[in-house]
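Since the structure comes first, as structure tokens, the remarks are kept for the end.
The values are calculated or read from the model by the stated rules, or taken from the named source; none is laboratory data. Only a predicted model underlies this, so the values are computations on that prediction, with no experimental measurement involved. For neighbour counting, all protein chains shown are included, and Cβ atoms are generated from backbone atoms with ideal geometry for every residue, glycine included. Note: areas computed on protein heavy atoms with side chains; ligands, DNA, RNA excluded. Shrake-Rupley method; radii C 1.70, N 1.55, O 1.52, S 1.80 Å.
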Amino acid sequence: MSQLTYSDAVATFDPVFGIEVHVELNTHTKMFCGCLNEFGGEPNTHVCPVCLGLPGSMPVTNGKAVESAIRLGLALGCQIRESSRFARKNYFYPDLSKDYQISQYDEPTCFEGSVDVVLDDGTVVAIAIERAHMEEDAGKNTHVGGSGGIQGADYSLVDYNRGGVPLVEIVTKTIEGMGDRTAEVARAYVATIRDIVRGLGISDGRMEQGSLRADVNLSLRPKAADGEDQSAVPFGKRSETKNVNSLRAVERSIHHEAGRQAALLLAGEPVIQETRHWHEDTNSTTPGRSKEEAEDYRYFPEPDLLPVQPSRAWVEELRATIPEHPAKLRARLREQWGYSELEMRDVIAADAIDLIASTIAAGASAQAARKWWMSELGRIANERDVTLQELPVTPADIAELQGLVDAGTINDKLARQALEGVLAGEGSPAAVVAARGLVVVSDDSSLEAAVDEALAAQPDVLDKIREGKLQAVGAIVGAVMKTTRGQADAGRVREIILQRAGIAP
């Protein structure tokens, strides 16, 4: 069946969506045991009887995880329940070693919130939050053979290191009325959640590592006839695209699903309520399993854990630690840094706010920080197909590099060579400059000799300069820079040339 375009799908049908964002908390240990909570490691080395669910093991709630969850709930405008409890969510899957997940069901700690999302054009959309509940993560399956997915794999491997890692699952209420901006709003919402958890310091929010991932629910319903209320039209059957792990994929998964569902509906075929797997390489989804309802999980209270009962005084203490909303922070920083709206939009899209802020804090100007991260380092990151954060250079390195430029020790060209050395692991900018001998040549005797040599090779240049054709100076400056491998002080070279022409600089 042919796939409709996103624009055609939303022109014909009204999209309705909701998102579940899973945030891994950066506590030192797991949710209910003392195992190390750390990304990576040799498979099945960060495990114990508790997180594996072996008989006789007893879970204990991680107090720091509870604190982080409450702070997140407060940042989302949620109410904090005075007493909540954990439940067992029963289902079988290979990455869930005990065949149930400890989660929260009818008594989530955080509920009934709202968060403002700011779109690129400044439009503000309020997203209603149904709940933000605590749970433990499952392990990780690796499917070997075939396309890398479970379908067609030769066999599967399971790593339980991630099993038991503390999670907060943030569930939106149904979001209607976004029309052709549905995918844009979804992407902006997930980006806002990522900014919030990073600002709180409770998660690194790295989607590529799975510490923040989204399940995107989407359905289509007919558009209301003229004069009818669109909200009165019943929802369609929804699909849930699981474990979407990039902002771009959030947007593209909605594009694909809207087009797929619209094609089915126009052909008179039903949309099956199911989970679906996102494929980054093809920008498409494939069927997973029929979507369970709550009763299918046979929830019942976790008998081995006490209720979570935060005092009102403690909750208010935590409320005082909530940082500025990301949208307000970005607006304040844009004004403080003197960036245009377009410049700030590019910084946000590159996820470079923290890098630039840290570079400025280390001593660089706002414009210099943006220049390095958005131009030179942005180009290098694109060439290497990595994020800016993955480059082996720190904000302190960039501030030091710019400091060498500001001091006249090196020029921009030499600074780029020094940066190459830093990225190659040769040391700090100052160490690279010293080791490679990149210091600007400003000694008059050396520069005068280089200028005279260049003038001797182009004897007509002085006459042109004396005739007022000052652009001819550039030819000699270029020759001297080539002779000195870019290390000459270009400003001083220009002065010497003008002096040779009998013109006061």
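The numbered conditions (1) touching a residue at least 60 places away in the same chain (Cβ under 8 Å); (2) outside any helix (DSSP H, G or I); (3) surrounded by 14 or more Cβ atoms within 10 Å (Cβ to Cβ) are all true for R276 except (1). For the stretch 17-34, a residue qualifies if it is in contact with a strand residue (DSSP E or B) (Cβ under 6 Å, 6 or more places away or on another chain), of a type in the set (A, V, I, L, M, F, W, C) and part of a loop (DSSP other than H, G, I, E, B), and the qualifying residues are L25, M31.
Right, N243: touching a residue at least 60 places away in the same chain (Cβ under 8 Å) and outside any loop (DSSP other than H, G, I, E, B) or not? So N243 fails the test. Given the conditions (1) over 25 Å from R213 (Cα atoms); (2) buried (at least 18 other Cβ atoms within 10 Å of the Cβ), and given that Q230 satisfies all but one, which numbered condition is not satisfied? Tallying (1) over 25 Å from R213 (Cα atoms); (2) buried (at least 18 other Cβ atoms within 10 Å of the Cβ), Q230 fails exactly one: (2).
Could you tell me whether any residue of the stretch 284-301 is part of a helix (DSSP H, G or I), open to solvent by 60 Å² or more (accessible area, probe 1.4 Å) and among the charged types (D, E, K, R)? Within the stretch 284-301, one or more residues are part of a helix (DSSP H, G or I), open to solvent by 60 Å² or more (accessible area, probe 1.4 Å) and among the charged types (D, E, K, R). In the stretch 93-106 there is at least one residue that is touching a Gly at 6+ places or on another chain (Cβ under 8 Å), modelled with pLDDT under 95 and hydrophobic (A, V, I, L, M, F, W, C). Only residues that are within 19 Å of S211 (Cα to Cα), open to solvent by 30 Å² or more (accessible area, probe 1.4 Å) and more than 24 Å from the chain's Cα centre (by Cα) were counted across the stretch 1-33, and they come to 0. A single member of L414, L355, L318 is under 30 Å from E82 (Cα atoms), open to solvent by less than 50 Å² (accessible area, probe 1.4 Å) and in contact (Cβ under 8 Å) with a residue 40 or more places away in the chain, and it is L318.
Could you please let me know if A407 is out of contact with any Asp or Glu (no Cβ under 9 Å at 6 or more places or on another chain), at pLDDT 90 or above and over 24 Å from R345 (Cβ atoms)?
No: the conditions fail for A407.
Take E426 and tell me if it is acidic (D, E), open to solvent by 30 Å² or more (accessible area, probe 1.4 Å) and touching a residue at least 24 places away in the same chain (Cβ under 8 Å). Let's see the steps before the verdict.
Numbers: acidic (D, E): yes; open to solvent by 30 Å² or more (accessible area, probe 1.4 Å): yes; touching a residue at least 24 places away in the same chain (Cβ under 8 Å): no.
Answer is no for this residue.
Take the residues of the stretch 49-71 that are part of a loop (DSSP other than H, G, I, E, B) and loosely packed, with under 15 Cβ neighbours inside 10 Å: which is nearest to the chain's Cα centre (by Cα)? Out of the qualifying residues, it is V60.
Scanning the stretch 113-147 for residues that are buried (at least 17 other Cβ atoms within 10 Å of the Cβ) and of a type outside the set (V, I, T) yields a count of 11. Only one of the listed residues (V386, V347, V393) is within 24 Å of A424 (Cβ to Cβ) and open to solvent by less than 30 Å² (accessible area, probe 1.4 Å). That residue is V393. For the stretch 75-96, the set of residues classified as in contact with a Cys (Cβ under 8 Å, 6 or more places away or on another chain) and either crowded, with 18+ Cβ neighbours inside 10 Å or more than 24 Å from L212 (Cβ to Cβ) (or both) consists of L76, C78, I80, R81, listed by residue number. What do you reckon, is E376 among the charged types (D, E, K, R), open to solvent by 40 Å² or more (accessible area, probe 1.4 Å) and in a helix (DSSP H, G or I)? It is false that E376 is among the charged types (D, E, K, R), open to solvent by 40 Å² or more (accessible area, probe 1.4 Å) and in a helix (DSSP H, G or I).
Is one or more of the residues making up the stretch 150-163 small (G, A, S), loosely packed, with under 14 Cβ neighbours inside 10 Å and either farther than 25 Å from H256 by Cα or in contact with a Phe, Trp or Tyr (Cβ under 7 Å, 6 or more places away or on another chain) (or both)?
Yes, the conditions are met somewhere in the stretch 150-163.
In the stretch 310-357, counting only helices (runs of 4 or more DSSP H) that sit wholly within it, the ones holding 2 or more residues that are closer than 14 Å to D120 by Cα span 326-337, 341-349. Scoring Q209 on the criteria (1) open to solvent by 20 Å² or more (accessible area, probe 1.4 Å); (2) at pLDDT below 95; (3) more than 30 Å from L54 (Cα to Cα) leaves a single failure, condition (3). Summed over the stretch 82-92, residues that are modelled with pLDDT under 90 and touching a helix residue (DSSP H, G or I) at 6+ places or on another chain (Cβ under 8 Å) total 1. Given the conditions (1) outside any loop (DSSP other than H, G, I, E, B); (2) without any contact (Cβ under 8 Å) to a residue 40 or more places away in the chain; (3) surrounded by 15 or more Cβ atoms within 10 Å (Cβ to Cβ), and given that T409 satisfies all but one, which numbered condition is not satisfied? Looking at each condition in turn, T409 falls short on (1).
For the stretch 379-402, the tally of residues that are assigned to a helix (DSSP H, G or I), of a type outside the set (K, R) and under 15 Å from Q417 (Cα atoms) stands at 6.
When the residues of the stretch 170-200 are filtered to those that are part of a helix (DSSP H, G or I) and of a type in the set (V, I, T), the one that is surrounded by the most Cβ atoms within 10 Å (Cβ to Cβ) is I193.
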